[in-house]
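Structure, as structure tokens:
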Amino acid sequence: MSDNWPSLRWRLKNCRADGKPLLPKKMDDRLTVVLDLDETLLHTYLASDAKPSQFDYSFTIPPQLYDFDTDYVVHGSLRPGVSRFLEWAASMFELVVWTAGTKVYAEAIVNNLDPEKRLISHVLSQERCIELHVAGVSCYVKDLELLGRDLRRTVIIDNSPHAATFNLSNLIPIESFFGCEEDQWLDRLRQFLEQCLEAQQAAGEKDIRLVLHRQLDLKRRLRHKVAQWVEEEEIMEI
């Protein structure tokens, strides 16, 4: 698989027919932070899910969008500290929301997160992801190279590592959020980003990926996890 991966990536990369970047040109040198939505900044509840007594947001999805018979009301919970985190992050970085959800869903969520449209610079949705099919399951990948940003100055924060398959060196993984009111991961994320910026400045390092490598060593951890999965599968087959 590894020998064929660059070729596969090359074939998939041209996601836009006109070849233009997904984002307009950036006029400053701030770090670009790409944020996932579901299970990263919030959790949306489906009709069959157990729900908390109170919701942080709700909106109606038109029936034609998902072939429903009637309008579908969506409820959800924001991750604790999300407003505080976005306020801080917007003062430091260029914020880009990129979700595997639909455009209508993404816009409805962002309207709740940033009603004054002053924190989040750009919103991308499922239509800008690359869809892969693995073992019969659809997997949406976010290729950062399509953004038109310097990858040395770009990170992606996502609870699903597969979303950053093409850019693991830029990934900051975060634990999935499913509505826990005691969740503190966004406060931890802010502390981690502050540490990265301090380390980058102290070392005079221009490439944030090198800082992340030293802080996370993510690729080694993922290889170890994959090896565990393979070993478990082999044991089950014996």
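Throughout, read-outs are computed from the coordinates displayed, never taken from laboratory work. As the structure is a computational prediction, the values presented were derived from the model and not from experiment. Here Cβ is always computed from backbone atoms with ideal geometry, including for glycine, and neighbour counts include all displayed protein chains.
For the reader, a short list of remarks on this structure follows.
- Burial ranking of peptide ranges 94-100, 29-35 (average Cβ count within 10 Å, highest at the top): 94-100, 29-35
- Cα gyration tensor shape for the stretch 68-197, rounded if a/c is under 1.5, else prolate or oblate: rounded
- Counted by Cβ distance under 14 Å from Gly101, the other residues give a net charge of -4, where Lys and Arg count +1 and Asp and Glu count -1.
- The calculated FRET efficiency for Leu210 paired with Arg190, based on their beta-carbon distance and R0 = 25 Å, is about 0.75.
- Beta bridges by DSSP in the stretch 125-187, antiparallel share as percent, to the nearest 5: 60
- Each DSSP beta bridge with both residues in the stretch 59-201 is either parallel or antiparallel, and the antiparallel ones are about 55%.
- One chain, two ends: Glu87 and Ala202. Fully extended at 0.36 nm per residue, the span grows by 38.9 nm beyond their Cα-Cα distance.
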